[in-house]
Amino acid sequence: MTARQITSALDITNWLCKRAETEGLSLPETKIQHLLFLAQIHYALKSGHCLMPSFFVCGRSGFYEPNIRTIMEFGLPLMSSPRFDSATNDFMELIWQKYGHEEEGSLNNFIISLECWKHYYRPERDVIVDITRMTDSFAGSIKNSNSTLENSSKSQIMLSQNGPVRVSAWHPRKLSSKNKK
């Protein structure tokens, strides 16, 4: 998976920020990281190639691109609007439509509910991940769980001493009429 479509993860970050601006939105850095990861993994699933040269690290709040994290500490640098070919622009528009309007917390819950995050996450350290190995796990966790972002708001992934735990509302069992006296 050495081929890439875009020359820099910064171009994708810039596209996401410009796209959000057109709707009067601002993107927090963690949401940008989630969108970068989702764009990269979806593109790899679709084409077998990388969207951009980058590497991702698995941390407590999901996957992040450390170079973009460092750059975003000071805000997005002044850059002209990125010019992508129509296929790449259409692909990015699909990513935006699918994930761009989600709340940051909901998107975070979605990311950390993925099997690939559970596989790579280590509480004591961040781990560099291999996108090529992750595509099957990502696709499988989407298909097997049938989870959508809407359903992720009904349960949350919380960290316990033993690792990630899915927490949802408690529903007491119903007593049958035989148990009543």
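Read-outs throughout are calculated quantities, based only on the coordinates presented, and are distinct from any laboratory measurement. No experiment lies behind these values; they were computed from the predicted model shown. Every residue, glycine as well, gets a Cβ built from its backbone with ideal geometry; the counts of neighbours run over all protein chains shown.
Under the combined filter of DSSP loop state and at most 10 neighbouring Cβ atoms within 10 Å, the range 1-56 retains these GluC sites (Glu not before Pro): E23. Counting other Cβ atoms within 10 Å as a rough exposure proxy, the listed residues E102, E93, E73 run E73, E93, E102 from fewest neighbours to most. In percent, rounded to a whole number, the relative contact order of the range 33-137 is 41, using alpha-carbon pairs under 8 Å and six or more apart. Sparsely packed loop sites in the range 61-121 (the trypsin sites (Lys or Arg not before Pro) outside DSSP H, G, I, E and B with at most 14 other Cβ atoms within 10 Å) comprise R83.
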